[in-house]
Amino acid sequence: MQMPLKYDASQVENKWYDYWMKHNYFHSEPDEREPYTIVIPPPNVTGVLHMGHMLNNTIQDVLIRRARLLGKNACWVPGTDHASIATEAKVVAKLKEQGIDKNDLSRDEFLKHAWDWTNEYGGVILQQLKKLGCSCDWDRTKFTMDDDMSEAVIKVFVDLFNKGLIYRGYRMVNWDPEAKTTLSDEEVIYEERQGNLYYLQYKIEESTDTLTIATTRPETIFGDTAICINPNDERFVNLRGKKAIVPISNRVIPIIQDDYVDMEFGTGCLKVTPAHDENDKNLGDKHNLEVIDIFNEDASLNSFGLHYEGKDRFVARKEIVKELEEHGFLVKTEMHTNKVGTSERTKAVIEPRLSDQWFLKMEDLVKPAIKAVLVDEDIKLFPKKFENTYRHWMENIRDWNISRQLIWGQQIPAYYYGDGKDDFVVAETIEEALELAKQKTKNQQLTIANMLQDNDALDTWFSSWLWPMSVFDGIRNPENNDIKYYYPTNDLVTGPDILFFWVARMIIAGYEYKGEKPFNNVYLTGLVRDKQRRKMSKSLGNSPDALKLIDNYSADGVRVGLLLSSAAGNDLMFDETLCQQGKGFGNKIWNAYRLVDGWEVNHTIPQPESSKIAIAWYESKFQKALIEIEDHFSKYRLSDALMAIYKLIFDDFCGWFLEMIKPAYQQPIDAETLKSVMAIFEDNLKIVHPFMPFLTEDIWHYIKERTPQEALIVSKWPESKPVNETIISEFEFASEVISGIRNIRKEKNIVFKDAIGFSVINNEKSHTTFDTIISKMGNLEAIDYVKEAIEGALSFRVKSNEYFVPMAGSIDLQVEIKKLTEELNYTEGFLKSVQKKLSNERFVAGAPEQVIVNERKKEADALAKIETLKTSLASLG
RNA sequence: GGGCGCAUAGCUCAGUUGGUUCAGAGCACUUGGUUUACACCCAAGGGGUCGGGGGUUCGAAUCCCUCUGCGCCCACCA
């Protein structure tokens, strides 16, 4: 088949992706082979591909494709996540644009809008992954809100509830007044804000004394239910046991004592507002204080706010400060910076709020997950440094608030049949719930209509923590073939930012529901940043358009660009020139094949000696690289593996090997050599394929006509063979000789096509294996072995060997002498340092045998070289 | 404030239990080279007191202490 001069990625990439799909190579079914499984970290269903996804999924595809080549049954399960908060926020925003208020819609109406949205945008990101070359088993695509997936989630909720691990609690949560929902601690971002510290004076009941408190939130005085002082604080002896009067509302509240109060901060008096501060809540519980919630859902004041009722908290703050000042309660105002919690999604300031929530007890669930990672190392994190972070979180874990005040998500399967706090049952269906309720109440009159399901939805992570099991239907149907075959999965590739949200919880769920880990290894990628180290984000506009990058540099080029400098766990400073380098690598391979492809073969000419040696050498070099590559892969050092391959192909294969075996201009090549070159080329393509799947598959089919079963994607990874170290080190030596020749050519402006004479004094007794190659690569007339220095020649040395290139006339003796003298001085200095080390008794006594042997060898080499240099100098006069 | 981690060439990073190959790679840079696969190329070259200081050792980029500058996680004091 005729090869185009230039590689056209846009056509080639589509062609081969379709080909792979058509022949079903991404699809996996359980069989007798060893499975290799990855479940994708499901991207948000309405998301678009960004650089983080590109990196992440490139890594997964490299691992999957390599596993496939290694003969494993590779299965990469794709899918998307319903991302309740993000998606619901987007749907609400879109409805708002259309003039529709979410609160005017019924639950079903809203869900319809959300599903429409999902169906419209959902899966766009999966289509984009195909452009990148991801070899996912698309037949297995899952969505966390698929019926079967939701069923699994509900089943797990009911099970955990029945085990007594899920409870309802009145708890302080992070309330987002804009989204009117609860956020997890992880979704709250603390920002430093400039604010004021207000000093307020409270009167003491039946006394003329006053006390002063400092607060950043004067509007919360309506929720004050105590003043707290430190029992050790001598300044406030007079206050002990007294009562204080809250300004404006004139409520009388107790003055309590607790050493929680920091005597140094503010005034040493603390106002206690249990409804609006976590610490105050704890104090309140301890001292049995009343709880007064002064806010509505949207953080405007309720009736406890008296004449501020209905006003927003920030408006009320301003106005109340004014009122306090007018009545003389405001002592002073200080500037104060504090950290304010804001919503990751809506940016609204978070309000700590007490509300009814569902919680999962974590204390016992977490135990096997800690043991698996930190004790047994059953699950390994790459890089290992994240184990510390994991430990810290797992050992300080708090109960998980799994309810969200959202519609989009799995609705909590709790059904209320009465007004009492405990008048509810938990069941997988409303019918079952009804039966349970009848049993519980002994009231046979209850009907479906009496059963009112909880309004809240479950946290998205409560569905995704089951992902490695539920994608194989392992929750509903634990004995099915898929789950038995594919679980536990092999590698999980994700970002460290969701180590707790997701990774840790999957481990917990895995042990709870399968009694087994969900995956063996976790590869934590870094964040993709721009050249200025800024996180790539939509708001900064510094994130390149992923698909545009693919258009410009080809998917292969972008994949290589992303992996060239991204060690596991290290942030990746993304630079488009890396993609250029990736594309350049593709062109290099393409052109190398064009060269080979263009050779005419002649079956009658014998194989040159130089080609025989070149083949033997490259095969060893390849095997050595293969060992290195395996080692990098085993440590998940994908960048290093890629770099090793890059250098092997660029330098050893293209730079050296092809030049060694290349026939003279317009001359044919012998059949024997060409056959070996093609086999070598195939092996090269195999190791590049996981990184550059398209280009390699394309060239693979130029090499010869192949049936679909012989496609590169399903070929076999190169076999390991013994490495001939001798030939590798002989080449190292030869390459130094060739460099010496090139240097002389360059110095004297001798063009390559002019053959030159060459002599050697072989003090090293080095082998002549590579002589034909040195001769070819240096364009030498011959290599003469001589005993004495050649006069009228330029010289150079490799170790103690001396090489001569005869020069007609123009040798500058002084320059030669100077060069030799400098080399001599350097070598003598080196010898001295080695000998100093060797004459140090403590070194000889303390250093390991091998180190001393090496030092002795250095000494011997230096001595030999000095001898050579001295002889040369003497001969020059 | 508590915890973890990082600092090596202009940039991005390797450097495994202190000792061959320990001061490296890729990119960038400089110089020279295209009738013969590829200028998306080839050849050669410059460039670092391994963040500062101190210590342990025969020997330190590597171990210890300290200082400085960064990053991340946790708790966030009214």
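No value in this document is a laboratory result; all are computed from the given coordinates. Worth saying up front: this structure is predicted, and the values here are computed from it rather than measured. Cβ placement follows ideal geometry from the backbone for every residue including glycine, while neighbour counts extend to all protein chains displayed.
Against chain A, whose longest principal axis comes from its Cα atoms, helix A:51-69 is set at around 60 degrees. Annotation for segment A:173-279: chymotrypsin sites (Phe, Trp or Tyr not before Pro) lying in DSSP loop with at most 10 further Cβ atoms inside 10 Å of their Cβ are A:265. Among A:260, A:712, A:67, whose Cα projects farthest towards the positive end of the dipole of chain A, with charges put on the beta-carbon of Lys, Arg (+1) and Asp, Glu (-1)? Projecting each Cα onto the dipole axis, the largest value belongs to A:712. Each peptide in A:504-510, A:621-627, A:229-235, A:273-279 was scored by the mean count of other Cβ atoms within 10 Å over its residues; highest first, the order is A:504-510, A:273-279, A:621-627, A:229-235.
3J(HN,Hα) along segment A:661-674: 9, 4, x, 4, 3, 6, 9, x, 10, 6, 5, 4, 5, 4 Hz, from the Karplus curve 6.51 cos²θ - 1.76 cosθ + 1.60 with θ = phi - 60°, whole Hz, x for Gly and Pro. Helix A:849-876 and the long axis of chain A differ in direction by around 40°, with both axes built from C-alpha atoms. Every helix of 4 or more DSSP H residues in chain A counts as -39500 (n - 2.57), and over all residues that averages to -13000 deg cm²/dmol at 222 nm.
Put a dot 7 Å past the Cα of residue A:701, heading toward its Cβ, do the same for residue A:361, and the two dots end up 6.0 nm apart. Residues whose amide H falls under 5 Å from that of residue A:798, counting only those 5 or more places apart or on a different chain, are A:803, with hydrogens built in the peptide plane. Measuring between alpha carbons in the structure, the pairs from A:131/A:531; A:131/A:517; A:15/A:548 lying more than 29 angstrom apart are A:131/A:517.
Between 0 and 90 degrees, rounded to the nearest ten: what's the tilt of helix A:430-441 against the longest Cα principal axis of chain A? Helix A:430-441 sits at roughly 40 degrees to that axis.
With 28 Å as the limit on Cα-Cα distance, the pairs of A:832/A:870; A:535/A:583; A:130/A:155 that go past it are A:130/A:155. Bridging of residue A:318 to aspartates and glutamates at a Cα separation below 19 Å is possible for A:219, A:224, A:298, A:309, A:326, A:334, A:351, once same-chain residues fewer than 8 apart are set aside.
Take the Cβ atoms of residue A:659 and residue A:24, set R0 to 51 Å, and the FRET efficiency comes out at 0.75.
Each residue of segment A:304-312 was assigned a 3J(HN,Hα) from its phi angle through the Karplus curve 6.51 cos²θ - 1.76 cosθ + 1.60 (θ = phi - 60°); the sequence is 5, x, 6, 6, 9, 3, x, 8, 5 Hz, with glycine and proline shown as x. Only lysines eight or more places from residue A:281 in sequence, or on another chain, were considered; those with a Cα closer than 17 Å are A:271. Can you list the trypsin sites (Lys or Arg not before Pro) in segment A:388-476 that are in a DSSP coil and have 11 or fewer other beta carbons within 10 angstrom? Loop-located and lightly packed - A:398, A:421, A:442.
When only the Cβ of Lys, Arg, Asp and Glu is charged (+1, +1, -1, -1), the dipole of chain A relative to its Cα centre reaches about 1760 debye.
Taking amide H as placed 1.01 Å from N in the peptide plane, residue A:36 has its amide H under 5 Å from the amide H of A:73, A:74, A:75, each at least 5 places away in sequence or on another chain. For residue A:874 and residue A:830, the difference between the fully extended length at 0.36 nm per residue and the C-alpha to C-alpha distance is 13.7 nm. Model label sites at residue A:159 and residue A:616, defined 7 Å from Cα along the beta-carbon direction, differ in position by 6.3 nm.
For residue A:516 and residue A:635, a Förster radius of 22 Å and the Cβ-Cβ distance give a FRET efficiency of 0.35, rounded to the nearest 0.05. Charging the Cβ of each Asp and Glu at -1 and of each Lys and Arg at +1, and nothing else, the dipole of segment A:634-722 about its Cα centre rounds to 260 debye.
Relative protection proxy for A:821-829, A:317-325, from highest mean packing down: A:317-325, A:821-829 (other beta-carbon atoms within 10 angstrom). With respect to the cross-link table entries A:385/A:484; A:94/A:163; A:624/A:776; A:72/A:647, which display a Cα-Cα separation exceeding 29 Å? Result: A:385/A:484; A:94/A:163 exceed 29 Å. Amide hydrogen proximity for residue A:195: with H placed 1.01 Å from N in the peptide plane, the residues at 5 or more positions away or on another chain lying under 5 Å are A:336, A:337, A:338. The trypsin sites (Lys or Arg not before Pro) of segment A:677-764 that meet both conditions, a loop assignment by DSSP and at most 10 other Cβ atoms within 10 Å of the site Cβ, are A:704, A:716, A:753.
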